[in-house]
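Engineer: Input: one structure, supplied below.
Just so it is clear, none of the values below were taken in a lab; they were calculated from the coordinates. From a predicted model like this one, the values you see are computed outputs, not experimental measurements. No Cβ is skipped: glycine too gets one built from the backbone with ideal geometry, and neighbour counts run over all protein chains shown.
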Amino acid sequence: MTPRILLLLACLGLGACGLRPVYSGGSSGPVAETLRTIQVGPIGGQAGWLVRNKLIDRLSASGSADPAYRLDVMLDDNLTSFGIRGDRAATRERRTLRARFQLVSLSTGLVVLDATAGSDAGIDVVSSEYATVAAEQTALENLAGIVADQIIARLATYGGRGQPGR
């Protein structure tokens, strides 16, 4: 068979499998409607500030509406040294950012979604303390974006299924 025929058959098969786009319906679809009604609660610390701002940026992309949900996020930011040299100096660090988040219905007070997200990054420890601190900060900023994206993906999945707790 030619590649075009195989591609056509594959496309036809996708329609039969029950998959559908998460953001179907665009800005008036169920996912966008759910995301625009979520308010993000305060999150402590520098990592919390970064994650909260990234979440607000991503949630506000679909517009805004009266809040129906509150997103509560608890973070665990951990920096671990390893790769110890003979003089007991670390040569590598691993920064881990984990989040436990709960989506709470404001009308009922019930937790309608309880999940986790997280990621980690490796950091080289170099002779310049400034360079190491800058690498740690950059890793935190990147991890905050990754964790925020994971949270939004879970919220979008929830919004696409319908909202029984609303």
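Engineer: Using 0.36 nm times the number of residues separating residue 39 and residue 87, minus their current alpha carbon distance, what extension gain do you get?
Structural biologist: Values: separation 48, 0.36 × 48 = 17.28 nm, distance 4.93 nm.
Separation in residues times 0.36 nm, less the Cα-Cα distance, equals 12.3 nm.
Engineer: Calculate, in nm to one decimal, what residue 137 and residue 57 gain on full extension: separation in residues at 0.36 nm each, minus their alpha carbon distance.
Structural biologist: Extra length from residue 137 to residue 57 when fully extended: 26.8 nm.
Engineer: What ranking do 110-118, 147-155, 68-76 get when scored by the average of other Cβ atoms within 10 Å per residue, highest first?
Structural biologist: 147-155, 68-76, 110-118
Engineer: Now for a different question. Output the relative contact order of the range 24-161, whole-number percent, from Cα pairs under 8 angstrom with separation of 6+ residues.
Structural biologist: 25 percent
Engineer: Where the centre of each part is set by its Cα atoms, how far does the range 27-58 sit from the range 90-166, in angstrom?
Structural biologist: Measuring centre to centre over Cα atoms gives 12 Å.
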